[in-house]
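No value in this document is a laboratory result; all are computed from the given coordinates. Keep in mind the model is a prediction, meaning the values are calculated, not measured. In this analysis, Cβ positions are derived from the backbone assuming ideal geometry, glycine residues included, and neighbour counts consider all displayed protein chains.
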Amino acid sequence: MKILVAVKRVIDYNVKVRVKPDQSGVELANVKMAMNPFDEIAVEQAIRFKESGAADEVIALSIGAPQAQETIRTALAMGADRGIHVEASHDTEPLAIAKIIKAVVEKESPGLILMGKQAIDDDSNQTGQMLATLLDYPQATFASGVEIAGDKLNIIREVDSGLEHITCPMPAVVTVDLRLNEPRYASLPNIMKAKKKPIDALSLDELGVDAGQRLKTLKVEEPPAREAGIIVDSVDTLVDKLKNEAKVI
Amino acid sequence: MSILVIAEHNHNEIQAPTLHTITAGVQIGGDVTVLVAGHNADKAADAAAKIAGVKAVFHADAPEYANGVAENLVPLIANLAGDYTHILAPATTYGKNILPGVAAKLDVAQISDIIRVDSPDTFQRPIYAGNALATVQSGEAVKVITIRTTAFEPAAESGGSASVSKIDATGDAKKSNFVKSELSSSDRPELTSAKIVVSGGRGMQDGANFAMLEKIADKLNAAVGASRAAVDAGFVPNEYQVGQTGKVVAPDLYIAVGISGAIQHLAGMKDSKVIVAINKDEEAPIFQVADYGLVADLFDAIPELDGKLG
Ligand SMILES: Cc1cc2nc3c(=O)[nH]c(=O)nc-3n(C[C@H](O)[C@H](O)[C@H](O)COP(=O)(O)OP(=O)(O)OC[C@H]3O[C@@H](n4cnc5c(N)ncnc54)[C@H](O)[C@@H]3O)c2cc1C
Ligand SMILES: Nc1ncnc2c1ncn2[C@@H]1O[C@H](COP(=O)(O)O)[C@@H](O)[C@H]1O
């Protein structure tokens, strides 16, 4: 079985993002980029399935600027077998991303598609669900446990009220949550080996997908700053302030 | 304008996130219809009809809607879409799970997690863990939107007198199967609707120490939350997590104990009215958003605070 993992190149989660002065977006020039943290978890899970014999090939797919190939290399260094890069604008919306992934699924016929639950740049949390619907596949979102049992998946999902257990047949789309696993670091030998692994380039034309923008971003601004607070010297002062100044207890 | 709100409910009651979503619908303008899809959820449908601002309720009753399975709900909602300019759901795990599929089925873009309605086609939403706010305009015929509940007041649970009409189910897609849920039961208020939230982080050191926070929470009628680090370490269950990828809360009072204040955590609580931080490291970034900071060892400060709350 093949596993397809969708990996997005985003601003590193440690970077404090800055809004551009002209309010057209956030500053991307000279900013450290990395694989979306949820996607690292998805890659890790795919590799574990390969190591356990449940899968025999792991394909990492990224859609975006040419530099998205670096993100694919990271997945290859972690242990993915080959990559697919589809060149598209950085601002491609989740619906178009889902259509592109669908087109790749139709070429590759993976048994399982693993993705992050959310990209930490647009915070959309849409793509996996859209893909499942477009493919008419089962969907399992926010997974903190994924087990392959024959041709079925046993999934544990993190939901607002606790955990939910579901099962579904494969092929299926699974979006992963933070607690599924701890992604490995790529070792130096594996980083070297990854350089030789193939990355295929596919174009939007070849895939027949229209990735045009549906939404218009009119403005991107900084959130209002909170007013500076004070440091209190004791628990007594804290209780007094909460009772008599803020009047919240 | 005509607005369809997808209700989150537990078959007996309409849950709070839906009330906030209805307010967003009223702000967009036009008539608000609520869809209650469930199994034996008559009580929830009746409750929806009483909510202020609701003009009509659709009730779809079938076993395949018993557990919020997206593959069953998406076709039901997409079938209704033709009559609406907007389809709204709360940005909870329930709403996030089903709405993108509806958008995909309708071939329209979705706008996630809006915090402001500027006009029927223009909305504001946080991106990059709330470090930037984007104003987004949609030209789609049907606008499919999830609502950040903390940004909209809840609609009143009474005052409405909508009619309830039964609608046909669309069948079981036979895709994923619900097996069971593991819900932790608590008598404390729900995290996202509590007026006061007391959250613990890695500084709590272990799960047993959360009992100290629970005592304070009980005195203040507060909910207990946590940072990701505390959840990852197994101190508390996942549903306690506050942040970019957990729950977003905006209570009157948020008390952060042994939490450093990473941007991903701040994303989930920085719109709280009053923020208190208790941390032994005076450099901790949480102090930059705190109205009242106490630089102290929590193992001294929390028992003392507990005592002084009477
Ligand atoms: C993709 C992604 C998503 C994330 N989503 C979230 C999210 O939704 N929510 C979230 O919270 N985090 C999230 N994080 C994690 C986030 O980056 C931080 O790692 C996390 O918030 C840190 O938790 P913490 O503050 O409890 O732990 P730490 O950063 O370790 O801070 C512990 C604090 O406790 C203090 N302390 C220790 N002992 C004591 C004591 N005895 N008395 C007083 N103070 C003490 C320390 O001074 C320190 O400031 C996410 C990260 C990623 C990559
Ligand atoms: N440009 C992209 N390339 C590859 N995968 C993507 C891309 N955008 C989104 N994804 C996948 O979809 C998930 C959810 O993204 P989003 O819906 O944007 O929050 C991510 O975690 C990725 O797995």
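Observations, loosely collected:
- Farthest positive-ward along segment A:2-244 dipole, Cα basis, beta-carbon charges - from A:Ala77, A:Ile47, A:Leu95: A:Ala77
- Normalised contact order of segment A:2-244, rounded percent, pairs of Cα under 8 Å and 6 or more residues apart: 24 percent
- Debye, to nearest 20: dipole size of segment A:2-244, +1 on Lys, Arg Cβ, -1 on Asp, Glu Cβ: 480 debye
- Electrostatic dipole magnitude of segment B:60-202 [Cβ: Lys, Arg +1; Asp, Glu -1; Cα centre; debye, to 20]: 460 debye
- Its residue count N sets the reference 2.2 N^0.38 Å, and the alpha-carbon radius of gyration of segment A:38-183 equals 0.97 times that reference.
- Dipole of the protein assembly as shown, positive end: most advanced residue of A:Val58, B:Ala222, B:His59 [Cβ charges, Cα centre]: A:Val58
- Trypsin sites (Lys or Arg not before Pro) within segment A:139-203: DSSP coil, no more than 11 neighbouring Cβ in 10 Å: A:Lys195, A:Lys196
- Cross-link pairs exceeding 26 Å in C-alpha to C-alpha distance, out of A:Lys20/B:Lys143; A:Lys20/B:Lys270; A:Lys8/A:Lys102; A:Lys102/B:Lys270; A:Lys219/B:Lys105, comprise A:Lys20/B:Lys143; A:Lys102/B:Lys270; A:Lys219/B:Lys105.
- Taking other residues whose beta carbon is less than 11 angstrom from the beta carbon of A:Val7, and scoring Lys, Arg as +1 and Asp, Glu as -1, yields 0.
- Peptides B:166-173, B:47-54 ordered by packing proxy, namely the average of other Cβ atoms within 10 Å per residue, highest first: B:47-54, B:166-173.
- Of A:Lys247/B:Lys195; B:Lys96/B:Lys215; A:Lys241/B:Lys280, those spanning more than 22 Å from alpha-carbon to alpha-carbon: B:Lys96/B:Lys215
- Phi-derived couplings, Karplus 6.51 cos²θ - 1.76 cosθ + 1.60 at θ = phi - 60°, listed residue by residue for segment A:22-29: 7, 6, 8, x, 9, 5, 10, 5 Hz, with x used for Gly and Pro.
- Unit charges on C-beta of K, R, D, E only; dipole of the protein assembly as shown, Debye: 620 debye
- Over all Cα atoms in the protein assembly as shown, the spread is summed up by Rg and Dmax: 23.3, 70 Å.
- Of all aspartates and glutamates in the structure, the ones whose alpha carbon falls short of 12 Å from that of A:Lys195, not counting any fewer than 8 places away in one chain, are A:Glu70, A:Asp81.
- With a 10 Å cut-off around each Cβ of B:120-131, the average count of Cβ atoms from other chains is 5.
- Counting Cβ atoms of other protein chains within 10 Å of each Cβ in A:106-118 and taking the mean gives 1.
- Averaged over the residues of A:167-173, the number of partner chain Cβ atoms lying within 10 Å of the residue Cβ comes to 2.
- Partner lysines for B:Lys166 [C-alpha distance under 17 Å; skip if fewer than 8 residues away on the same chain]: B:Lys43, B:Lys50, B:Lys55
- Unit charges at the beta carbon, dipole of the protein assembly as shown: most positive-side option, A:Phe142, A:Pro189, A:Met35: A:Pro189
- Dividing the summed helix terms, -39500 (n - 2.57) for each DSSP H run of n ≥ 4, by the number of residues in chain B produces a 222 nm estimate of -7500 deg cm²/dmol to the nearest 500.
- Value of Rg/Rh across chain B [Cα atoms, Kirkwood radius]: 1.00
- Considering every alpha-carbon pair of segment B:118-247, the percent of pairs per 5 Å bin, from zero through the bin containing the longest distance, is 2, 7, 12, 13, 14, 13, 16, 12, 7, 4, 1.
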